[in-house]
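Throughout, read-outs are computed from the coordinates displayed, never taken from laboratory work. As the structure is a computational prediction, the values presented were derived from the model and not from experiment. Every residue, glycine among them, receives a Cβ derived from its backbone with ideal geometry; neighbour counts consider all protein chains shown.
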Amino acid sequence: MEGRPLPESELVERAKRGDQGAYGQLVQAYQGIAFRTAYLVVGDAAEAEDAAQEGFVKAYYAIRRFRSGAPFRPWILQIVANEARNRRRSAGRRAGLVMRTAAHAPSGEAAPSPEAALISGEDQRTLLAAVNNLREEDRLVITCRYFLELSEEETSNVLGWRRGTVKSRLSRALDRLRAELGEKAYA
Amino acid sequence: MPELELALTDLGRHIEFPPTPDVTPRVRERLAERPESRRGLTRRRGLALAFALLAVAVAAVLAVPQTRAAILEFFHLRGVTIERVGELPTVPLQRDFNKLFLGEKVSLDEARDRADFEVVVPEALGDPDGVYFQESPPGGMVSLVYGTPEHPHALFTQFRGSVEEVIFKKTAAGTQIDSVRVGGEPGYFLSGNPHDFSYLDRRGEYRQEIVRLAGNTLLWERGLLTLRLEADINEQEALKIARSVH
């Protein structure tokens, strides 16, 4: 492919007409977020990779149903997350989330960024431990919204809950996280 | 954004995920192996099936007597009450087939996505010929339809039964109700005369539907789900299918 990359909507239209090359570009663009989403759901890197691959294949065969002009990301995340959920039943694991070590930190992290200055490394570890201790439903909604930074609609698609359910469960999950952390933190 | 939410967003940017594998080459290979989708065919078939089911439904309505009589007996299952009454009430038939009976036609994957529970499938029946989803009762209801468009032969429905949602199944005096166990969990097999199916949802709205296929019905519990199989089969066959659900 030469010249500027095609816009997403054009890639989708081409894929709808059976252009597998165009679809491959969509896969390339979204495999990162798709894999991380699957990983949060299934808790295992190999299973998450399978779920992402299977989801992208199934989405290709379903793409004629996809509404032209709609954003592709919530749709593909829904399909991949569904594959991941089907795999979770047998695996029964959860992603053990860890902090990046200094060696893995993106370049430019040596000087404290505005985010880094927000809470100390120790507080971050405490917060992560509290998130990891939450029950599965609470942990999933928090990690989707804040760690993957998915929209409410995307979270709804990924977890298979209605939008209103996402809202109410998120609110309750935050309450329980506050309780876990103790009264003094983030009151 | 409140402080905790800011702290979580910040934390998310410092989480270590496993490195993303490049799935693109394998996806491309798999698509090249099977280039054509068969969707067009499936859609035409689904429409024909909808019309066939509608014809069956009309016949069932005509068979139902006009007046409602006293309740003669009760049978309970979680989320379900089966009433034996003297005569069945008439249920209005709406023009919108999908809305009245089964909901929106979807793929099995979409149904799995939209239901608030893990959708189960009776293996003994093979792949369903149609999948439908409706929002109520709360949590959603998934229906799988089996058979050719001319002869739909089985309907399998699932929803999350709980004490808040009350499902009524009314039966006329000629309907036989047998208590059964499926995988150690309770159920009832209803055979003989037609029965109708209605429920109160969480908002207190009364929803009523008639029997959907001219067959016998097995209703049973499985974990949090209440399952319903309707087909022209005997109790032994129904139990065999029920045991293949997973």
*Per residue of B:26-33, count partner chain C-beta atoms within 10 Å of its C-beta, then hand back the mean as an integer.*
6
*List, in the order given, every pair from A:Lys58/B:Lys105; B:Lys105/B:Lys240; A:Lys16/A:Lys58 whose Cα-Cα distance in the structure shown is over 25 Å.*
B:Lys105/B:Lys240
*Find the relative contact order for region A:1-90 and round it to a whole percent, using C-alpha pairs within less than 8 Å whose residues are 6+ positions apart.*
33
*Can you pull the one-decimal nm distance between simple spin-label points at A:Leu6 and B:Glu33, each 7 Å off the Cα toward Cβ?*
2.5
*A:Arg172 versus B:Glu104: modelled label distance in nm, points set 7 Å from Cα along the beta carbon direction*: 2.5
_Environment charge of B:Ile15, counting only residues whose C-beta is closer than 10 Å and scoring Lys/Arg +1, Asp/Glu -1_ = +2
*Which of the peptides B:229-235, A:14-20 is most tightly packed, and how do the rest follow, judged by the mean count of other Cβ atoms within 10 Å per residue?*
B:229-235, A:14-20
*For the pair B:Glu135 and B:Glu16, what calculated FRET efficiency results from E = 1/(1 + (r/R0)^6), where r is the Cβ-Cβ distance and R0 = 35 Å, to the nearest 0.05?*
0.35
